[in-house]
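J.: Take this structure, written in structure tokens, and hold onto it; I'll ask about it next.
Here, each number is a calculation from the coordinates, and none is a lab measurement. Quantities reported herein were computed from a predicted structural model and do not represent experimental measurements. Cβ atoms come from the backbone with ideal geometry, glycine included; neighbour counts cover every protein chain shown.
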Amino acid sequence: MAHLIGRPVLRDLIPERAFARRTLRTALLCVAAAAAAPSPAATPPLEQAVKASYIFKFAPFIEWPSGSFAAPASPFVICLAGQDPFGPVIDEVVRGQKVAGRTIALRRVGSTVPAGCQILFLGRPAPSNNVPLVLTPGQPVLTITDAGSGVGGAIIQFVMQGGRVRFQIDDAGARANGLVISSKLLGLSIGASRP
Amino acid sequence: MDGSHFKVSVTGLLSRTARRLAMTPLVAVFLSIALLIGALTLAIQNDLIGRAEKLRQSEVQAQILASSVAAPLAFDDDDTTREFLNALRANSEIQAAGAYDVKGQLVAGYNVPGAVLPQASRVAPPAIAGRDLIVTTTVRQGDTVLGSIYLRTAIETWPRRALRYLGIALIVVMASLLVAVLGASYASLSDTHRKLQAEIASRQQAEEALRQSQKMEAMGQLTGGVAHDFNNLLMVASSGLDLMDRTTDPAKRERLRAGIRQAVDRGAKLTQQLLTFARRSPMHPEVIDIGDRIRGMDTLLDRSMREDVTVSLDLPRGLWPIEVDPSQMEVALLNIALNARDAMPDGGTITISATNIPGQDDAPDRVSVAVADTGTGIAADMTAKIFEPFFTTKGVGRGTGLGLSQVYGFAHSSGGEVKVESELGRGTTIALLIPRSQKALPHKANEHAPMIGAGDRRRLILLVEDDDSVAVMVTEMLATLGYDSERAENADIALKKLERTPGVELVLSDMVMPGHLNGLDLVRTIAKRWPAIPTVLMTGYSDAATSATDEGIRLLLKPYRIEELSAHLAAAIGSAA
């Protein structure tokens with residue numbers, strides 16, 4: 001009789017879903033506590049780490065139009081606008097990684113959105129600057145926001161579901177920006193039917 | 001069939017099969033071995049190809065799986081990953097499958113009992129563990145490595161593998177069996193063939209023996225009559241000589257002398273025919289004039305009949321030549337005549353006639369030799385049987401039933417046939433139909449040459465003869481013919497005399513003599529040492545005569561008349577001169 005091999009420890013502890021991942025396994029108990037009582041003001045570091053890793057991992061599932069890079073050797077640019085919820089975690093995630101043969105450059109851009117970003121994470125606006133970010137529509141930029149940040153209109157939006165980090169994808173918005181999102185990724189989007 | 005019976009028959013079958021197999025030629029054994037090696041090579045090759053194919057299949061499957069689980073693996077959707085993996089369970093060949101994250105930790109997977117799914121995996125080249133093939137592949141999207149896949153597949157499930165080998169084994173066994181059976185049957189066939197050839201050879205010998213015994217039977221029938229006849233002839237000669245001593249009347253003496261002469265001539269002719277007849281020889285066809293032959297048998301035929309049976313010959317001139325063994329021909333005619341005689345217990349006439357029968361349509365020209373009697377005849381249902389060997393209607397000790405079977409055998413071996421016409425109470429006609437020969441009759445020497453004298457001067461002849469009375473008579477004959485003669489008792493003395501005496505112009509020698517050399521050896525020696533001296537051999541023994549004529553030696557058959565002696569001597573001297 002075959003049996004599924006999962007992670008029995010986690011399953012015993014948290015019946016609904018486990019979201020402990022990779023290097024963060026040591027913080028299991030802490031994660032469980034955070035998931036049980038989420039707070040928008042103080043997002044647990046594990047959740048932020050997962051999101052940081054996802055931001056990087058969206059890249060291979062998405063196709064940017066050929067003209068979106070200035071030069072063949074141009075880096076793949078990930079921009080973080082507004083407040084940076086990740087800190088050094090995201091630097092760790094992208095260090096030494098490549099996307100489609102390009103090195104990854106991480107830019108924290110504050111409230112000014114520069115040209116040349118391939119991925120733009122829109123964080124909570126800084127308290128000092130209440131002017132909301134204005135995005136130029138039609139640019140080949142994958143915009144990502146967090147559901148709790150109060151910023152709308154992004155292509156991908158992180159949501160918490162059952163204590164896990166999931167995401168919603170606005171495929172029409174992506175297409176409007178000239179991006180092609182892999183059906184594999186779309187299949188994981190909340191609201192999409194499972195493959 | 002009860003148990004023991006069955007066992008016996010099975011044992012018999014097995015031993016028979018074993019014996020046949022033992023006789024199977026080496027070729028069949030080699031074939032079987034070659035077949036076995038071929039099948040084995042094929043099986044191994046098949047296995048190798050199967051493995052390579054399996055490897056490709058597994059790699060493709062792993063890659064499909066890797067592509068499917070890329071997103072769930074990247075975004076920690078374990079349920080989806082597990083769903084993809086579970087879909088593989090439909091394939092019973094997969095022993096274990098697992099998806100691992102980028103750090104190599106197991107995310108989801110399953111294994112069948114007995115197979116192990118490692119908790120951590122590293123991407124490695126395909127490996128074979130026991131009967132399983134392990135394939136690992138990297139899960140990547142674009143350039144980004146997202147994890148790895150582990151797939152353990154049974155190369156071939158045991159039942160399938162066993163079935164495949166069983167199939168090959170079955171084919172090999174059947175083919176080997178077929179080869180063995182063919183080989184065995186070939187062996188038994190060649191054995192039978194060998195036996196058959198031995199059988200044919202022994203039958204040929206038996207046939208030869210049968211022919212001789214058929215002839216001997218005819219001889220046996222003749223002997224009584226011939227002995228009686230000889231006594232009569234001797235009686236004539238003996239009483240004639242007695243009477244000649246007692247009378248001085250020239251006319252009476254001349255009558256008596258003629259009577260003796262006639263008796264002696266008849267005796268000579270009879271023995272000559274008997275000797276020719278009895279000669280043991282294989283079938284030796286010659287082109288003959290059948291009329292002459294039958295006329296030459298007259299004394300023999302007369303002597304073998306009773307007084308109340310008349311033999312009449314109807315032999316026209318101009319009969320076509322036929323090619324037969326003359327001795328067998330005579331035996332056949334005699335056998336028919338003897339049967340005709342026995343069919344006429346109250347006497348009658350036997351008519352021997354010969355006619356040319358021109359061919360019609362496909363039938364060739366043939367010569368018919370018919371023997372007709374005026375006897376009891378043969379019932380219609382018996383006519384087919386009379387030629388069967390050992391079929392006889394005569395009493396015990398009177399016939400062997402071989403006579404007419406010889407006639408049948410002779411006719412068929414000569415390319416002809418036998419026809420029987422019979423009417424009960426009226427008589428029987430048995431006809432031999434022999435095909436006409438296209439060959440010409442051999443030239444025959446003139447038997448009755450005129451007496452030739454020795455010529456102007458007397459020539460010296462060396463006579464070699466061991467029998468004194470014959471020597472005296474021949475010396476007298478030579479003197480009468482005008483030759484001087486010297487006598488030697490045997491070949492050795494003759495050679496010494498030749499060395500000492502010059503002027504010998506011819507050697508006349510007996511064939512069978514005591515001493516180191518016989519007449520034939522003597523003639524050969526003379527031909528070597530004195531090639532200028534001609535030789536003439538004389539003999540009464542026909543076997544010896546045959547070998548001499550084969551060598552081209554001049555031969556006088558005893559008893560001979562003075563005219564024959566004269567002709568031979570003249571011819572020999574004439575050819576040497």
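J.: Please work out the Cα center distance from segment A:39-90 to segment B:319-373, rounded to the nearest Å.
T.: 132
J.: So, one more: Name the shape class, rounded, prolate or oblate, that the alpha-carbon gyration tensor gives for chain B, where a ≥ b ≥ c are the square roots of its eigenvalues, rounded holds for a/c under 1.5, and otherwise prolate holds if a/b is larger than b/c and oblate otherwise.
T.: Because a/c hits 1.5 or more and a/b exceeds b/c, chain B counts as prolate.
J.: Please average, across the residues of B:114-121, the number of beta carbons from any other chain that are within 10 Å of each residue's own beta carbon, and give a whole number.
T.: The per-residue average across the peptide is 1.
J.: With the cut-off at 24 Å, report for segment B:281-381 the share of all Cα pairs above it, as a whole percent.
T.: 29
J.: With a cap of 16 neighbouring Cβ atoms within 10 Å, and only residues DSSP puts in a loop, list the trypsin sites (Lys or Arg not before Pro) found in segment B:501-533.
T.: none
J.: Which one of B:SER185, B:PRO159, B:VAL145 has its Cα pushed farthest toward the positive end of the charge dipole of segment B:141-201, where Lys and Arg give +1 and Asp and Glu give -1 at the Cβ?
T.: Working it through, the farthest residue towards the positive pole turns out to be B:PRO159.
J.: Quick one: check the C-alpha center-to-center distance for segment B:85-140 versus segment B:154-226, whole angstrom.
T.: Centre-to-centre (Cα) distance: 65 Å.
J.: Another one. Hey, got the average number of other protein chain Cβ atoms within 10 angstrom for residues in B:137-147?
T.: Per residue, the average neighbour count from other chains is 4.
J.: Show me the trypsin sites (Lys or Arg not before Pro) within segment B:324-388 that DSSP assigns to loop and that have at most 13 other Cβ atoms within 10 Å of their Cβ.
T.: Answer in residue order: B:LYS385.
J.: Other chains near A:51-61: what is the mean number of their Cβ atoms within 10 Å of each residue's Cβ?
T.: 4
J.: May I ask you to derive the relative contact order of chain B, considering only C-alpha pairs under 8 Å and at least 6 residues apart, and to give it as an integer percent?
T.: Contact order relative to length: 8 percent.
J.: While we're looking at this one, here's another question. Determine the sum of side-chain charges near B:LEU313: Lys and Arg each +1, Asp and Glu each -1, restricted to other residues whose C-beta is under 12 angstrom from that of B:LEU313.
T.: Counting the neighbours of B:LEU313, the net charge comes to -2.
J.: Now a separate question. For the pair B:ILE64 and A:LYS98, what calculated FRET efficiency results from E = 1/(1 + (r/R0)^6), where r is the Cβ-Cβ distance and R0 = 22 Å, to the nearest 0.05?
T.: 0.30
J.: Next question. For each pair in B:LYS385/B:LYS439; A:LYS98/B:LYS103; A:LYS51/B:LYS54, compute the distance between the two Cα atoms and list the pairs where it is over 29 Å.
T.: Cα-Cα > 29 Å for B:LYS385/B:LYS439; A:LYS51/B:LYS54; rest within.
J.: Sticking with this one: Can you spot the lysines whose alpha carbon is less than 19 Å from B:LYS215's alpha carbon? Ignore those fewer than 8 places along the same chain.
T.: Counting by Cα, and skipping residues close in sequence, B:LYS215 has these lysines nearby: B:LYS394.
J.: Quick one: which of B:550-557, B:41-48 comes out on top by average Cβ neighbours within 10 Å, and what's the full order, highest first?
T.: B:550-557, B:41-48
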